[in-house]
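K.L.:
Would you mind keeping the following structure in view while I ask a few things?
The values are calculated or read from the model by the stated rules, or taken from the named source; none is laboratory data. Source: prediction; values computed, not measured. Every residue, glycine as well, gets a Cβ built from its backbone with ideal geometry; the counts of neighbours run over all protein chains shown. Calculation scope for accessible area: heavy atoms of the full protein, side chains included, ligands and nucleic acids excluded. Shrake-Rupley method; radii C 1.70, N 1.55, O 1.52, S 1.80 Å.
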Amino acid sequence: MSLVVENTALAERLIAARRHLHAHPELSHEEFETTASIRGWLEDAGISVAEGYALRTGLIAEIGGRHPGPVVAIRADIDALPIEEETGLPFASRYPGRMHACGHDFHTAAAIGAALLLKEHEHELRGTVRFLFQPAEEKAKGAQQLIAAGALEGVSAIFGMHNKPDLPVGTVGIKDGAMMAAADGFVIEVEGRGSHAAVPEAGLDPIVTAAHIITALQTVVSRNVGPLESAVISVTKLNSGTAWNVIPQLAVLEGTVRSFGAEVRKRVLARFDEVVAGIAAALGTKAHVRWIEGPPPVVNDAALAEIGVRAAREAGLDPIVPVPSPAGEDFAFYQQEVPGLFVFMGVGGSQEWHHPKFDVNEEALLPSARFLASLAELALNEI
């Protein structure tokens, strides 16, 4: 069989897998059918699925191990989002209110492709490639679950990929250092004293306090984060009141803080608490901040980034230096344990992640699989 025919057959196989996953999306911690499909595709190819890990969903597979060498891991996330799909694709989600709107179906199919490519010359691998098909990335819980289950035991390096709609097919974004942001959530409860809206002096208005807090929080970034550093504070929800003529007792704000460095993250969160407490006290109300700790920033290892550039070229891709994303990724938890590299794969999409019309160019699937396979092989030989 010619190389062209082989490549076409593999590309068609990966597209079929991706479309099956896309049509059957499952939410975080509910990826039972997805896990079964992945297991079936791997076992049909003679790839060993590792047992003994305490996982409800997701799975771990290994290739190699016939010769001494390190263990490197490739991670793919498998969960979908609670979004109603609006793409109109013939393989659109069959489940109302669920959609692969972040491209995890693409990631999973590419990782399966890499596994199939590596399996073809498994006897030559100097070490082991461990594939982590991880649940619950959208809840930022899955990576920690796999770590707790022992998925990184013996692993020397880990690699991950995310599609990037604003990068053209044929490119891959690779850089060392900060790649994605720490993603923390917050809930602020402002407690006042209710009264009739016509006699505000008889109460303590939590809505006025909330308004001042929203405005003042913007100074945390503008006046406490240096111009060469980066952070974002966004208040995205404000709930208060039940009637037009009543000053309520409570106002609740919610939102997110994004940052790219541990020191900046610590400084912003501390200053955030001080600003909220100070504004509330100045206006005679009380405020309580509850933090929802998200993943830390994704920070790439410099040596692995250099390997990634060479792997990209071997796969026929053009490596570029991407703009870091303020989105969060629980891949960062792996990088707290072992050196890691996370890259952005160009997929030439028209919509951003989490949009109901999100889609990817499937021409990027085969190059992505080649890249991951090449990345793993180079790492086995060099780390």
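K.L.:
What aspartates and glutamates could a cross-link reach from Lys119, if we take a straight Cα to Cα line under 15 Å and drop same-chain neighbours fewer than 8 places away?
P.N.:
Of all the aspartates and glutamates, those that pass the test against Lys119 - Cα under 15 Å, at least 8 places apart if same chain - are Glu6, Glu43, Asp44, Glu62, Glu377.
K.L.:
If you count only protein heavy atoms and use a 1.4 Å probe, how large is the accessible surface of Trp291, to the nearest 10 Å²?
P.N.:
Trp291 exposes around 70 Å² with every protein chain in place.
K.L.:
Oh, and also: Sequence neighbours fewer than 8 away in the same chain don't count; with that in mind, list the lysines whose C-alpha is under 18 Å from Lys164.
P.N.:
Within reach: Lys175, Lys357.
K.L.:
If you don't mind, another one. Going toward the positive end of the dipole of the stretch 28-145, with +1 on Lys and Arg Cβ and -1 on Asp and Glu Cβ, which of Phe91, Leu81, Ala61 do you reach last?
P.N.:
So the residue furthest toward the plus end is Ala61.
K.L.:
Less than 28 Å apart at the alpha-carbon level, and either on another chain or at least 8 residues along: which lysines does that give for Lys286?
P.N.:
Within the straight-line limit of under 28 Å, Lys286 reaches these lysines: Lys237, Lys266.
K.L.:
To continue, here is another question. Over the stretch 1-141, what is the relative contact order in whole percent, taking alpha-carbon pairs under 8 Å and six or more residues apart?
P.N.:
Relative contact order for the stretch 1-141 comes out at 36 percent.
K.L.:
For Val208 and Glu12, calculate 0.36 nm times their separation in residues minus their Cα-Cα distance, and state this gained length in nm to one decimal.
P.N.:
My answer for the length gained is 64.7 nm.
K.L.:
I'd like to compare 94-105, 191-202: which one has the highest average count of other Cβ atoms within 10 Å, and what's the full order after that?
P.N.:
Highest to lowest by the protection proxy: 94-105, 191-202.
K.L.:
When the accessible area of the stretch 248-334 is computed with all protein chains present and a 1.4 Å probe, what percentage of it is carbon and sulfur?
P.N.:
About 59 percent, which is the carbon plus sulfur part of the accessible surface.
K.L.:
Of Gly284, Val268, Val299, which is farthest towards the positive pole of the stretch 260-317's charge dipole, taken about the Cα centre with +1 and -1 on the beta-carbons of Lys, Arg and Asp, Glu respectively?
P.N.:
Farthest towards the positive end: Gly284.
K.L.:
Right, next: Which net charge results for the neighbourhood of Gly328, defined as the other residues with beta-carbon distances under 14 angstrom from its beta-carbon, given Lys and Arg at +1 and Asp and Glu at -1?
P.N.:
So the surrounding residues net to -3.
K.L.:
Cα gyration tensor of the stretch 115-189, axes a ≥ b ≥ c as square roots of the eigenvalues: rounded (a/c below 1.5), prolate (a/b > b/c) or oblate?
P.N.:
Oblate shape, in that a/c is at least 1.5 and b/c is the bigger or equal ratio.
K.L.:
With +1 on each Lys and Arg Cβ and -1 on each Asp and Glu Cβ, and nothing else charged, work out how big the dipole of the chain is about its Cα centre, in Debye to the nearest 20.
P.N.:
Dipole magnitude for the chain comes out near 620 debye.
K.L.:
While we're looking at this one, here's another question. Is the shape of the stretch 301-383 rounded, prolate or oblate, going by the alpha carbon gyration tensor and its root eigenvalues a ≥ b ≥ c, with a/c under 1.5 for rounded and a/b larger than b/c for prolate?
P.N.:
oblate
K.L.:
Against the longest alpha carbon principal axis of the chain, how many degrees, from 0 to 90 and to the nearest 10, is the axis of helix 104-120 turned?
P.N.:
20 degrees
K.L.:
Rounded, prolate or oblate: which fits the stretch 1-110, taking a ≥ b ≥ c as square roots of the Cα gyration tensor eigenvalues, rounded meaning a/c under 1.5, else prolate when a/b beats b/c?
P.N.:
oblate
K.L.:
With r as the distance between the Cβ atoms of Glu274 and Ala302 and R0 = 41 Å, compute the FRET efficiency 1/(1 + (r/R0)^6) and round to 0.05.
P.N.:
0.70
K.L.:
Given R₀ = 35 Å, FRET efficiency for Val199-Ala281 by Cβ-Cβ distance, to 0.05?
P.N.:
E between Val199 and Ala281, to the nearest 0.05, is 0.90.
K.L.:
Mind checking the per residue accessible area of the stretch 1-160 for me, 1.4 Å probe, whole number of Å²?
P.N.:
The answer is 41 Å² per residue.
K.L.:
To continue, here is another question. Rounding to the nearest 20 debye, state how big the charge dipole of the stretch 266-383 is about its Cα centre with +1 on each Lys and Arg Cβ and -1 on each Asp and Glu Cβ.
P.N.:
600 debye
K.L.:
Let me ask another. Contact order normalised by length for the chain, with contacts defined as Cα pairs under 8 Å and 6 or more residues apart; what percent is it?
P.N.:
Answer for the chain is 24 percent.
K.L.:
If I fit a long axis through the Cα atoms of helix 32-44 and take the longest principal axis of the Cα atoms of the chain, what angle between them do I get, 0 to 90°, rounded to 10?
P.N.:
Computed tilt is about 20 degrees.
K.L.:
Can you order the peptides 371-377, 300-306 by their average number of other Cβ atoms within 10 Å per residue, highest first?
P.N.:
The packing order, highest mean first, is 371-377, 300-306.
K.L.:
Antiparallel DSSP bridges in the chain: what percent, to the nearest 5?
P.N.:
Expressed as a percentage, antiparallel bridges in the chain total about 65.
K.L.:
Oh, and also: At a 1.4 Å probe radius, carbon and sulfur cover how many percent of the accessible area of the stretch 157-229?
P.N.:
59 percent
K.L.:
Continuing with this model, one more query. With every protein chain left in place, what is the accessible area of Val323 in Å² (1.4 Å probe, nearest 10)?
P.N.:
Approximately 120 Å² for this residue.
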